Structures are given as structure tokens and as C-alpha cells.
Amino acid sequence: MAAVSSINPAHVPVEISRANQHDVRIRWQDGHVGVYPARYLRLRCACAECVHEFTGEALLKPSAVPVDVHPARIEAVGRYAVQIRWSDGHSTGIYSFDRLRLICPCETCLPTAGA
Ligand SMILES: [Zn+2]
Ligand SMILES: [Zn+2]
């Protein structure tokens, strides 16, 4: 398959909600549902504060993230991403839909999660 530069329409969430206090639930256009543990998402933040812009080095120390971290607010960013404001005060992370789908931790997606 050729490189895809536009958003895969199947990889657009139709619903993003909090499954409970600590999980984020995303229902996708293609019917797929993924439940993301909040801390799992927080640790995968790819903003310039968490990951070095040029070297890709991880700047975020997992030990610095509270075990009970959870989203305080989830906002849409344009039509391609969401910005999550976390209970630990971190709010600069933007998660593109493509990336969210890529890191879906469900059993079906797990083999490719984190790739
Ligand atoms: Zn970040
Ligand atoms: Zn999945």
C-alpha cells in the first residue's frame, strides 16, 4: 500500500468518553471500540515536554506520573486530534486520531500497539 498522507476515515472517532474515572473509551467510525487506561495514554504523550523534539528521547519519567492520573478534560483539536488535560496538570499533549488508533491496547490491536 502507498503511504497515506490523509486521515483514514475508519480512524475517526465517533465518540470519546470516559469509561470510568481512569479509562478513556473511544468508539471509532468502523465500529471498533478501544478502552485506554488513562495512565497508558498519559505515558504516551508525545509533546515537546515529554519527548525531545529532535532526538525522540523520552523526557517524561514514568515515576513522575501519578498512578491515579486521569483526564480532567478532553477537547477536540480540529478534526484530526484531541487534546487531553490531565489531572497532574499536564495539558500540552495532543493525540492525533491516527496515533490513538495505532496505540489502541485492545486484544485485536495489541500486536501493533506502540509500534
Ligand atoms: Zn506531554
Ligand atoms: Zn483496538
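Laboratory data are not the source of any read-out in this text; all were calculated from the coordinates shown. Predicted, not measured: the structure shown is a model, and the values here were computed from it. All Cβ positions, glycine included, derive from the backbone under ideal geometry; neighbour counts span all protein chains shown.
When the residues of region 46-93 are narrowed to those that are polar (S, T, N, Q) and out of contact with any strand residue (DSSP E or B) (no Cβ under 9 Å at 6 or more places or on another chain), which ends up farthest from residue 12 (Cα to Cα)?
To start, the set of residues in region 46-93 that are polar (S, T, N, Q) comprises 55, 63, 83, 87, 91-92.
Subset that is out of contact with any strand residue (DSSP E or B) (no Cβ under 9 Å at 6 or more places or on another chain): 55, 63.
Details: 55: 29, 63: 32 Å.
That would be 63.
Filter region 86-98 down to the residues that are within 14 Å of residue 16 (Cα to Cα) and part of a strand (DSSP E or B), then identify the one that is farthest from ligand 1 (Cβ to nearest atom).
The extreme case among them is 96.
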